[in-house]
Amino acid sequence: MVASPNSNPLALERAHMVEEQLRRRGISDERVLLAMGVVPREEFIVERYRDQAYADHPLPIPLGQTVSQPFIVGRMIEAAAVKPGNRVLEVGAGTGYEAAVLAEMGARVFTMERHAELAALARINLEQMQYANVSVITGDGSEGLPAEAPFDAILVAAAVPDFPPALFEQLAEGGRMVIPIGPPDLQALHLVRKVNGQTVMQRMDDCRFVPLIGKQGYSPAKP
Ligand code: SAM
């Protein structure tokens with residue numbers, strides 16, 4: 001799927017990121033660690049910040065958005081317990097990096113992005129990496145993607161003010177949703193599972209994401 005890690009000059013930094021930022025902080029799912037050790041994050045980062053591709057913080061991407069810190073990406077994917085063949089919805093495609101990690105793990109990925117320019121960027125990045133199992137959809141992902149539901153996992157990569165029932169409805173029975181809920185300046189990452197049709201919520205870490213702008217998210221006027 002992607003070039004051998006050894007052929008990439010940043011492979012050492014990537015391996016270091018996996019050990020120091022992910023494994024040492026408790027991410028233990030070997031499939032997540034393996035995928036994040038393979039996907040060349042630098043290919044998704046704009047030129048100006050490429051030398052920081054494996055830094056332990058989020059990085060700017062076009063249109064005032066960000067690509068999440070590697071630890072947060074790993075934490076979300078591990079919590080979502082993504083398995084090969086799972087149908088996964090990501091809301092907030094950004095650069096396509098997180099979608100690439102999900103695809104590397106063998107998921108069938110649908111990723112939504114409200115900015116057409118970013119959706120195009122994600123598409124180009126994913127095509128260059130030859131990930132065929134990802135569809136990038138331009139549009140408001142706050143209401144999900146009913147035409148492709150149900151999903152085994154939903155990862156929301158932007159902050160919502162309240163729990164979004166429309167997304168929960170699109171989870172399969174036994175499905176997992178990982179989502180930052182809270183005010184714009186600080187949220188709590190939540191794992192939401194569908195058990196016998198009911199919501200089982202577990203609070204994870206404090207976090208800070210850009211706002212999800214949409215019908216079931218923040219309004220563009222007051223993010
Ligand atoms: N997962 C991305 C990556 O790997 O590069 C980073 C996601 S970034 C933290 C959040 C993204 O959510 C932004 O690109 C933003 O434009 C997008 N977004 C915000 N509201 C959205 C909505 N209603 N539907 C889809 N995307 C949205």
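Every number in this text was worked out from the coordinates using simple rules, so none of it is lab data. Here the structure is a predicted model, which means the values were calculated and not measured. Neighbour counts run over all protein chains shown; Cβ positions are idealised from the backbone, glycine included.
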Kindly state, to the nearest 0.05, the FRET efficiency for Asp206 paired with Ala55, given R0 = 25 Å and r defined as their beta-carbon distance.
0.80
Placing unit charges on C-beta atoms (Lys and Arg positive, Asp and Glu negative, everything else neutral), compute the dipole magnitude of the chain about its Cα centre in debye, rounded to 20.
300 debye
Taking segment 11-207 and dividing mean pair separation by its residue count, relative contact order in percent (alpha carbons under 8 Å, at least six apart)
15 percent
Protection proxy ranking of 29-38, 153-162 - average other beta-carbon atoms within 10 Å, highest first
153-162, 29-38
Cut-off 15 Å between beta-carbons: net charge of the residues surrounding Leu22, Lys and Arg +1, Asp and Glu -1:
-3
Estimated 222 nm signal from helices in the chain, with DSSP H stretches of n ≥ 4 weighted -39500 (n - 2.57), rounded to 500
-6500 deg cm²/dmol
Using a cut-off of under 15 Å, list every residue of segment 188-212 whose amide N is near the label point 7 Å from the Cα of Leu63 along the Cα-to-beta-carbon line.
210-212
Only bridges whose two residues both fall in segment 11-207 count here: according to DSSP, what percent of them are antiparallel, nearest 5?
45 percent
